[in-house]
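A short write-up of the structure that comes next.
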Amino acid sequence: MHLEPKRELPRRIKHLLYFIAFLFTVQVASTDLINSSYLEQFIGLDKIGLLYIIASLLSILIVSNLSTLFAKFGNFATMTTFIIVALLALAGLSFTSIPILAIAFFVIHYSIIVVSRTNFDIYLEQVSTHKDIGETRGSYLSSVNLAWFLAPLLIALVLRNSVIYQHMYL
């Protein structure tokens, strides 16, 4: 679904969107890189793959219903709700020591992150003109890639000589 905007977004608004995408991705990348090590504290390595399958299936279920949710509640309200739930799951990951809660928080957080990335792309399409969609997506992907590039450095700075992975979820 493509909704052509009446006018092009101001450059500073686009730069703000890229910055938000960068911050969001720094958090996502830094936790994605340590998720398996974190989960290993609660379940065996042989079960981590199954957990990712479950989270991916939940992601597919949510993404397949996004258009219905957007039609009923709107893009902004839906994504605001998802982001609040993701933040609560992130807080849960950082503070829980109960295996079943850690697993539930992981599945919820992972699924909502996948949905959020999909939605951000939809949103960029909605706020871009045909003329500038390539530049907009290119700048967005550059900010996201920079975040993935810097995430290992952030992990090294936060964890230093520690193996307390919960610190990365704060």
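The values are calculated or read from the model by the stated rules, or taken from the named source; none is laboratory data. Quick caveat, the model's predicted, so the values are computed rather than measured. We place every Cβ from the backbone using ideal geometry, glycine too, and count neighbours over all the protein chains shown. Side chains included, ligands, DNA and RNA excluded: accessible areas come from the protein's heavy atoms. Shrake-Rupley method; radii C 1.70, N 1.55, O 1.52, S 1.80 Å.
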**Q.** Candidates ILE103, ILE122, ILE108, ILE98 - the one that is open to solvent by 20 Å² or more (accessible area, probe 1.4 Å), within 16 Å of THR78 (Cα to Cα) and at pLDDT 95 or above
**A.** ILE108
Q | All positions within the stretch 47-81 that are of a type in the set (A, V, I, L, M, F, W, C) and more than 23 Å from PRO99 (Cα to Cα) | A | ILE60, LEU61, ILE62, VAL63, LEU66, LEU69, PHE70, ALA71, PHE73, PHE76, ALA77, MET79
Q.
Anything in the stretch 125-136 that is open to solvent by less than 70 Å² (accessible area, probe 1.4 Å) and in a helix (DSSP H, G or I)? List them, or say none.
A. GLU125, GLN126, ILE133, GLY134, THR136
Q) Quick one: would you say THR68 is among the polar types (S, T, N, Q) and either surrounded by 12 or more Cβ atoms within 10 Å (Cβ to Cβ) or more than 30 Å from ASP132 (Cα to Cα) (or both)? A) no
Q. Among the residues of the stretch 27-42, is any over 18 Å from LEU170 (Cα atoms), open to solvent by 30 Å² or more (accessible area, probe 1.4 Å) and not in a helix (DSSP H, G or I)?
A. yes
(Q) Just to be sure I understand the filter: pairs with C-beta atoms under 7 Å, separated by 6 or more residues or on different chains, first member in the stretch 45-65 and under 24 Å from PHE120 (Cβ atoms), second member in a helix (DSSP H, G or I) and of a type in the set (Val, Ile, Thr). Which pairs pass? (A) ILE54/VAL107; ALA55/VAL107; LEU58/VAL107; SER59/VAL114; SER59/VAL115; ILE62/VAL115; VAL63/VAL115; VAL63/THR118
Q: Scan the stretch 144-170 and report the pairs whose first residue is open to solvent by 100 Å² or more (accessible area, probe 1.4 Å) and whose second residue is not in a loop (DSSP other than H, G, I, E, B), with Cβ atoms within less than 8 Å and a gap of 6+ or a chain change.
A: VAL163/SER37; LEU170/SER94
